[in-house]
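Reading through the structure tokens given below for one structure.
The values are calculated or read from the model by the stated rules, or taken from the named source; none is laboratory data. Model, not experiment: these values are computed from the prediction. A quick note on method: Cβ atoms are made from the backbone with ideal geometry, for glycine too, and the neighbour counts reach across all protein chains shown. We work out accessible area using only protein heavy atoms, side chains counted, and drop any ligands, DNA or RNA first. Shrake-Rupley method; radii C 1.70, N 1.55, O 1.52, S 1.80 Å.
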Amino acid sequence: EVRGPRAGLLGKRMGTQTEIKTSLVHRSRRELVTLVVLMLGFLAASVAGSVAYSKKARRDFFSTGQGICTQMAEESQEPLLALDELRLNDITDHVMQNPSAVYAVLTDHDGLVRAHSDLKKLGTVYRPPTDTRPVEGAEKGEVSMREHTGLDGSRIVEFTAPVRYSGLRIGQVY
């Protein structure tokens with residue numbers, strides 16, 4: 001116990017045990033609330049960053065697929081007219097070097113497969129998957145995008161573009 005002229009001052013600063021415990025409880029609650037608010041803020045920022053990254057990754061994927069499909073269509077023009085199957089298969093082999101590519105198909109204007117990543121399908125009529133649906137958020141243009149489920153259950157986005165020569169459609173790439 002403190003006595004003398006400083007007793008009143010110390011008594012005011014320290015307070016009773018009950019006041020100290022109550023003060024600590026309120027302080028602990030404030031700190032806990034602050035911590036929870038900060039954690040929720042970080043979580044919200046993390047989710048927002050993840051969503052933004054996911055949207056960018058999706059745009060990049062679509063852009064890459066469209067670019068590959070467009071390039072394949074452009075490179076196939078003359079070899080398709082000449083029915084140069086060796087060159088056409090070189091083009092599909094080149095596309096298949098991309099780790100995201102599942103298959104590459106090039107057909108003539110009648111839908112006859114002139115080049116395919118699966119050589120057993122050469123000379124057959126190409127039958128696109130029947131369970132395709134439009135890709136949400138895909139930009140409209142020369143290259144179309146549809147998605148379907150692969151044999152292994154995976155999601156496949158199929159990019160399709162016409163092969164044109166002097167403005168005439170002479171084939172299609174998938």
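Take the conditions touching a residue at least 40 places away in the same chain (Cβ under 8 Å), out of contact with any strand residue (DSSP E or B) (no Cβ under 6 Å at 6 or more places or on another chain) and open to solvent by less than 60 Å² (accessible area, probe 1.4 Å) and apply them to Ala161. Does it pass? Spelling it out, it is not the case that Ala161 is touching a residue at least 40 places away in the same chain (Cβ under 8 Å), out of contact with any strand residue (DSSP E or B) (no Cβ under 6 Å at 6 or more places or on another chain) and open to solvent by less than 60 Å² (accessible area, probe 1.4 Å). Of all residues in region 143-158, those that are loosely packed, with under 10 Cβ neighbours inside 10 Å and within 18 Å of the chain's Cα centre (by Cα) total 3. Regarding region 65-77, can at least one residue be identified that is at pLDDT below 90 and of a type in the set (A, V, I, L, M, F, W, C)? The answer is no; no qualifying residue exists.
Considering the conditions (1) modelled with pLDDT under 60; (2) open to solvent by less than 70 Å² (accessible area, probe 1.4 Å), Leu9 is excluded by exactly one of them, (2).
Checking each residue in region 83-103 for being closer than 15 Å to Thr124 by Cβ and open to solvent by less than 20 Å² (accessible area, probe 1.4 Å) picks out Leu88, Thr92. Contact map, region 69-97: residues that are more than 13 Å from Val163 (Cα to Cα) paired with residues that are among the basic types (Lys, Arg), Cβ distance under 8 Å, separation 6+ or inter-chain. Pairs shown: Leu83/Arg114; Glu85/Arg114.
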